[in-house]
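A short write-up of the structure that comes next.
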Amino acid sequence: MRDFQGDIYGAALKYEVIEAPMCGLCRGTDAWHALAPGTALRAEKIVSQYAHVLEARLRTGIIFSQRSDIYRPRTDGNREANNGTIGDRNIWTKQLGGKKMPPIVKALLPVVVVVVLIVIAFNVHTLLGIGLIVAIIGWGVYANRAIIHATRGNMAYSRGDEDAALAYMEKAYRTKRAMPQHLSGYAFLLNRKGKPEEAERILKEVLSKQLPDPVRIQVSVNLATAYYLQGKKEEACELLEQFYPEFKNTQLYGTLGYYKLLRGDNLEDVLNFNLEAYEYNSDDLTILDNLAQNYYFLGRLEEARDMYEKVMSKQPKSADPYYFYALTLQKLGREEEAREQIEKALHRDLALVSPLTKAEIRELAKQLGASPDDEVESE
């Protein structure tokens, strides 16, 4: 790894003797943190005590990525990557001088304090002890009411009761104490209930705060969905493209790969992206479905059929994959199998973001001789 002479933070981090600062002003998508001069001066004073470990002097313009394996110096005003890495560890956990309180002690300390207070209260008077316990429980419920509402909302959604889930998530939101993940879930439900404008407003509030990359991705995916439901397809793709290729996860690969297909990008380029996604996670339903649909649109029907067999093994809930699988089988001359798949499509709702209509499904069912009598009514 390159040794940055005069780079107070680069060298200090290399020798693991200093904790890098967090910047509360940064709103970058990959959490870049500018080095404030005041912070640097304070750090220089601290590091000077460790002259026997390294010789480091202040150099301005250093920026760091919050991601644990990268740090990058600003060279010409651009965020250029450096070849050096710090290894697979969290660069924020090293601390200069002294020992941190052990995590278990830090976690147990509040509990011990509360127990001591309760014991003292009971020694004074039994009713005082009982009253203190009631007060502590009441405070705990009040302080964690957002988490309680969100948990009940998640449970309601898992039961299939989206109306109750939405009501609980709204309560969590109104406490003003909901976690970003809960607000993202609330926006997801708003999108499903046909309120993408409200979802967009809430998600933009969340994105204005500093978030870990995985949470920022999750929130941005739901915001991209809100954009798409409002007809802003280009904005939806651009929002997610800003993360790639610096950040990669299954959710980003699946959602962006699907939106690239819907936007009508060059199919060969989209295929390369979806193949990369498949290499990253070959077991994810969305990634498998994207690749199957990509093959279908390219006319590579045998490959599409093989991929759809993998999709069907996961029993997708929406009508879309069954429809495109039926089309694939129809074009391969396997009409009886195609009829079985389109009948399954008739009995399911469309995906939240879908290029299809129920009328198209009914039309294909008619062509294949399937009965639409028991189809799902929602459009």
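A short reminder: the numbers here are calculations on the coordinates, not readings from a lab. All figures in this text were calculated on a predicted structure; none of them were measured in a lab. Note that each Cβ is placed from the backbone with ideal geometry, even for glycine, and that neighbours are counted across all protein chains shown.
Considering the conditions (1) part of a helix (DSSP H, G or I); (2) out of contact with any Leu (no Cβ under 9 Å at 6 or more places or on another chain), E246 is excluded by exactly one of them, (1). Can you find a residue in region 138-147 that is among the β-branched types (V, I, T) and surrounded by 15 or more Cβ atoms within 10 Å (Cβ to Cβ)? Within region 138-147, one or more residues are among the β-branched types (V, I, T) and surrounded by 15 or more Cβ atoms within 10 Å (Cβ to Cβ). Report whether or not Y253 is in a helix (DSSP H, G or I), touching a residue at least 40 places away in the same chain (Cβ under 8 Å) and crowded, with 23+ Cβ neighbours inside 10 Å. So Y253 fails the test.
Which of the following residues is surrounded by 24 or more Cβ atoms within 10 Å (Cβ to Cβ), farther than 24 Å from L252 by Cα and not hydroxyl-bearing (S, T, Y): A304, A326, A292?
Numbers: A304 fails: farther than 24 Å from L252 by Cα; A292 fails: farther than 24 Å from L252 by Cα.
Matching residue, one of A304, A326, A292: A326.
Rundown of residues vs (1) closer than 18 Å to A359 by Cα; (2) in a helix (DSSP H, G or I); (3) out of contact with any Leu (no Cβ under 6 Å at 6 or more places or on another chain); (4) charged (D, E, K, R), yes/no style:
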site	(1), (2), (3), (4)
E302	no, yes, yes, yes
R305	no, yes, yes, yes
K310	no, yes, no, yes
L327	yes, yes, yes, no
G333	no, no, yes, no
E337	no, yes, no, yes
E343	yes, yes, yes, yes
R348	yes, no, yes, yes
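Only one entry in K171, K106 is exposed (fewer than 11 other Cβ atoms within 10 Å of the Cβ), under 30 Å from G185 (Cβ atoms) and charged (D, E, K, R), namely K106.
Which of the residues belonging to region 117-166 are of a type in the set (G, A, S) and not in a helix (DSSP H, G or I)? Talk me through it step by step, then tell me what you get.
Within region 117-166, the first condition is being of a type in the set (G, A, S), and the residues that meet it are 121, 129, 131, 135, 138, 140, 143, 146, 150, 153, 156, 158, 160, 164-165.
Within region 117-166, just G160 meets the criteria.
For region 350-368, a residue qualifies if it is in a loop (DSSP other than H, G, I, E, B) and either touching a residue at least 40 places away in the same chain (Cβ under 8 Å) or closer than 16 Å to T328 by Cα (or both), and the qualifying residues are L352, V353, P355, L356.
The single condition from (1) in contact with a helix residue (DSSP H, G or I) (Cβ under 8 Å, 6 or more places away or on another chain); (2) surrounded by fewer than 20 Cβ atoms within 10 Å (Cβ to Cβ); (3) in a loop (DSSP other than H, G, I, E, B) that K317 fails is (1).
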